[in-house]
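Worksheet for the structure shown next.
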Amino acid sequence: MNRDVAIVGVGMTRFGELWDKSFDDLFVEAGLEALEDAGMSGDEIEAMYVGNMSAGRFIDQEHVASLIADRSGLTPIPCTRVEAACASGGLAVRQAILAVASGMYDVVLAGGVEKMTDVTTEEATATLATAADQEWEAFHGVTFPALYAMIARRHMHEYGTTREHLALPPVKNHRNATKNPKAQFRFEITVEQVIESPLVADPLRLLDCSPVSDGAAAVIVCPLEMAREFTDTPIVVRATAQASDSLALHDREDITTLRATVEAARSAYRQAGIEPEDVDVAEVHDCFSIAELVAVEDLGFVEKGESGEAYHEGMFEIDSDHVAVNPSGGLKAKGHPVGASGVAQVVEIVEQLRGEAGKRQVDGAEIGLTHNVGGSGGTVVVHIFERGD
Amino acid sequence: MGGVPRFWRSIDNRYRLVGTRCENCGEVYFPPRVVCPKCRREGEMKEVELSGRGEIYTYSVVRVPPEGFEEKAPYVVAIVKLEEGPLVTGMIVDCDPGEIDIGTPVEATFRRVSEDGEDGVIYYSLEFRPVRREE
């Protein structure tokens, strides 16, 4: 990077079915919380990047960058919407980091927002399916859960991953979410409940799937050399990486791995000068149970094909000696307002590295990673952060 | 699923499994590509009709169907590895989900896939069915 960048403020709404809150309400609430966190009035913000997957279909509104600048009281600063399906949020954070690293701006806000419950569940599901290849996947009746189900089926075939293994990330993530006041599902579930929940797309069942949610999150970045004007605990951006892969699953040589994750992670570890085992806490993209199993393998936390057993041994719990994965509850239990999720991952890692994560605090966390996936892996964004002191 | 022109443009691909082959490297693509990702400007794409024979690489059973597929659910979807090389997504018809497994041999068969409501386009395409051994 041309100059080091730090995060100096974070904020997010509660995630869930927030019937009383509009798209604008959500974004403004998260943004104001981030400003308060950084001790800013708002005058300091020079530009905004907003991750949003599909306001056009969810609330029948495009051109949301202008809407957000307007409702936030931040016109005339430039505001840019960023879209990469469920990776929109992570990508917005990356654009803000790049804008500051380049020297173009000093103080930039990256936000993410999605209002999904103004439409029916059927309409929301159809909108999420637009992250897949419409002409060559969705045309044949393939749903989004079915794509991840086909990844799961192949993973079970090649590596002996079991139905019980699949249940373990959701069980862990629900347990973690009981400690997160902003999570959508603050209750525990058992392996039996996952395995007996209704089938959605074999072998995936309802409790393997992340929910439909409303929510927003925001982070404020600035040059590291300015960071102490705004906070005593700046969080340094050690790496920002992004990779692309085919839109359709069938165009990949190996569907049990997300090549874009492998490539983005390799770049991120190289930028940060660290190895996977140096990561203390990670927020990974668990839109489905199998997605978390594949993510911990592709990020290098375990060998390919060994994630099931690693979960069985409790390797990714908050109090494990290994890396803690999704202490927030992940997309599964914290909630998954698609455009906001990638930003909320960064919010969680910042709170963890500051030591402000309350009952879900990972002891002594110094290096944190976020992993945000668009679609079935067509876009992946990986960030690495470290405490600045 | 996008109306008449969008569907009409892909009729050769959906009705006859017309894909593309790069004359430079020999790789076969389905769905068709304009540019060979391996050869890019060096490549030269020619249309090629595929046999429709292959085997199941992975599959799922859709229990919660999207709009237009309600009457078919539950139904099997799969990624099929065609004998010419490419992998392709499709529905597996004429079968019970229980008789499908990774490696099951399949062949293409012409089907009505879905429709855009009562007045909309009716979508047809080649899908796949298990190859039955001669009795």
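In the stretch A:321-358, what count of residues is obtained for those that are surrounded by fewer than 24 Cβ atoms within 10 Å (Cβ to Cβ) and not in a helix (DSSP H, G or I)?
The total comes to 5.
So, in the stretch B:101-133, exactly how many residues are open to solvent by less than 50 Å² (accessible area, probe 1.4 Å) and either within 13 Å of the chain's Cα centre (by Cα) or at the interface with another protein chain (Cβ under 10 Å from one of its Cβ atoms) (or both)?
Count: 12.
Just checking, how many residues over the stretch A:101-142 are within 11 Å of chain B (Cβ to nearest Cβ) and hydrophobic (A, V, I, L, M, F, W, C)?
The number of residues fulfilling the criteria is 8.
Would you confirm whether or not the stretch A:88-111 contains a residue that is over 25 Å from residue A:33 (Cβ atoms), within 18 Å of the chain's Cα centre (by Cα) and touching a residue at least 60 places away in the same chain (Cβ under 8 Å)?
Within the stretch A:88-111, the subset over 25 Å from residue A:33 (Cβ atoms) is A:102-104.
Narrowing further to those that are within 18 Å of the chain's Cα centre (by Cα): none.
Within the stretch A:88-111, not a single residue is over 25 Å from residue A:33 (Cβ atoms), within 18 Å of the chain's Cα centre (by Cα) and touching a residue at least 60 places away in the same chain (Cβ under 8 Å).
Can you tell me which residue among A:145, A:170 is farther than 30 Å from residue A:80 by Cβ, out of contact with any Gly (no Cβ under 7 Å at 6 or more places or on another chain), assigned to a helix (DSSP H, G or I) and within 9 Å of chain B (Cβ to nearest Cβ)?
Answer to the check: A:145.
Looking at the stretch A:370-388, can you tell me whether even one residue there is within 22 Å of residue A:278 (Cβ to Cβ), in contact (Cβ under 8 Å) with a residue 24 or more places away in the chain and part of a loop (DSSP other than H, G, I, E, B)?
Within the stretch A:370-388 (the criterion being within 22 Å of residue A:278 (Cβ to Cβ), in contact (Cβ under 8 Å) with a residue 24 or more places away in the chain and part of a loop (DSSP other than H, G, I, E, B)), the answer is yes, since at least one residue qualifies.
Considering only the stretch B:114-135, state which residues are assigned to a strand (DSSP E or B) and without any contact (Cβ under 8 Å) to a residue 40 or more places away in the chain.
The answer is B:122, B:127, B:129, B:130.
Might you check whether a residue that is of a type in the set (Val, Ile, Thr) and assigned by TED's automatic domain parsing to the domain that holds residue B:133 occurs anywhere in the stretch B:63-76?
yes
Output the strands (runs of 3 or more DSSP E) that fall wholly within the stretch B:16-95 and possess 3 or more residues being facing chain A (nearest Cβ under 8 Å) and either surrounded by 15 or more Cβ atoms within 10 Å (Cβ to Cβ) or not charged (D, E, K, R) (or both), or say none.
Numbers: elements: B:18-22, B:45-49, B:53-62, B:75-82, B:87-92.
It comes to B:53-62, B:75-82, B:87-92.
For residue A:217, state whether it is in contact with a Pro (Cβ under 6 Å, 6 or more places away or on another chain) and over 23 Å from residue A:160 (Cα atoms).
no
Kindly indicate whether any position in the stretch B:4-13 is more than 22 Å from residue A:208 (Cβ to Cβ), without any contact (Cβ under 8 Å) to a residue 60 or more places away in the chain, of a type in the set (A, V, I, L, M, F, W, C) and open to solvent by less than 70 Å² (accessible area, probe 1.4 Å).
yes
Only one of (1) at pLDDT below 95; (2) basic (Lys, Arg); (3) at positive phi fails for residue B:132. Which number is that?
(3)
Can you find a residue that is in contact with a Lys or Arg (Cβ under 6 Å, 6 or more places away or on another chain) and over 23 Å from residue A:86 (Cα atoms) anywhere in the stretch A:256-272? Walk me through how you get there before you give the answer.
Looking only at the stretch A:256-272, we keep the residues that are in contact with a Lys or Arg (Cβ under 6 Å, 6 or more places away or on another chain), and these are A:256, A:272.
Next, from what is left, pick out any that are over 23 Å from residue A:86 (Cα atoms): A:272.
Scanning the stretch A:256-272, I find at least one residue that is in contact with a Lys or Arg (Cβ under 6 Å, 6 or more places away or on another chain) and over 23 Å from residue A:86 (Cα atoms), so the answer is yes.
Mind listing whichever residues of the stretch B:39-69 are among the charged types (D, E, K, R) and more than 18 Å from the chain's Cα centre (by Cα)? Lay out the reasoning, then the answer.
Our first condition is that a residue be among the charged types (D, E, K, R); within the stretch B:39-69, this holds for B:40-42, B:44, B:46-47, B:49, B:53, B:55, B:63, B:67.
Selection gives B:40, B:41, B:42, B:44, B:46, B:63, B:67.
For the stretch A:104-160, name all the residues that are aliphatic (A, V, I, L, M), within 22 Å of residue A:297 (Cα to Cα) and surrounded by 23 or more Cβ atoms within 10 Å (Cβ to Cβ).
A:146, A:147, A:149, A:150, A:151, A:152
Report, by residue number, each residue of the stretch A:161-186 that is open to solvent by 40 Å² or more (accessible area, probe 1.4 Å) and either over 30 Å from residue A:30 (Cβ atoms) or not assigned by TED's automatic domain parsing to the domain that holds residue A:344 (or both).
A:162, A:163, A:164
Can you find a residue that is surrounded by 18 or more Cβ atoms within 10 Å (Cβ to Cβ), in contact (Cβ under 8 Å) with a residue 24 or more places away in the chain and among the charged types (D, E, K, R) anywhere in the stretch A:69-86?
Yes - at least one qualifying residue is present in the stretch A:69-86.
For the stretch A:202-227, what are the residues that are open to solvent by less than 10 Å² (accessible area, probe 1.4 Å) and under 23 Å from the mean Cα position of the chain (by Cα)?
A:204, A:208, A:213, A:214, A:215, A:216, A:217, A:218, A:219, A:220, A:221, A:222
For residues in the stretch A:359-389 being surrounded by fewer than 24 Cβ atoms within 10 Å (Cβ to Cβ) and touching a Lys or Arg at 6+ places or on another chain (Cβ under 7 Å), which is nearest to residue A:90 (Cα to Cα)?
Among those that are surrounded by fewer than 24 Cβ atoms within 10 Å (Cβ to Cβ) and touching a Lys or Arg at 6+ places or on another chain (Cβ under 7 Å), it is A:386.
Within the stretch A:187-207, how many residues are outside any helix (DSSP H, G or I) and free of Cβ contacts under 8 Å to residues at least 12 places away in the same chain?
First, pick out the residues of the stretch A:187-207 that are outside any helix (DSSP H, G or I): A:187-190, A:197-205.
Applying the additional criterion that residues be free of Cβ contacts under 8 Å to residues at least 12 places away in the same chain yields A:197-199, A:205.
Here the count works out to 4.
Considering the stretch A:121-147 alone, what residues qualify as being among the hydroxyl-bearing types (Ser, Thr, Tyr) and under 25 Å from residue A:217 (Cβ atoms)?
Residues satisfying the conditions are A:121, A:125, A:127, A:130.
Within the stretch A:48-60, does at least one residue satisfy the condition of being among the basic types (Lys, Arg) and assigned to a strand (DSSP E or B)? Let's see the steps before the verdict.
Initial filter on the stretch A:48-60 (among the basic types (Lys, Arg)): A:57.
The next check asks that each one be assigned to a strand (DSSP E or B); those that pass are none.
Checked against the condition, which is being among the basic types (Lys, Arg) and assigned to a strand (DSSP E or B), the stretch A:48-60 yields no hits at all.
The values are calculated or read from the model by the stated rules, or taken from the named source; none is laboratory data. Here the structure is a predicted model, which is why all the values come from computation and not from measurement. For neighbour counting, all protein chains shown are included, and Cβ atoms are generated from backbone atoms with ideal geometry for every residue, glycine included. Note: areas computed on protein heavy atoms with side chains; ligands, DNA, RNA excluded. Shrake-Rupley method; radii C 1.70, N 1.55, O 1.52, S 1.80 Å.
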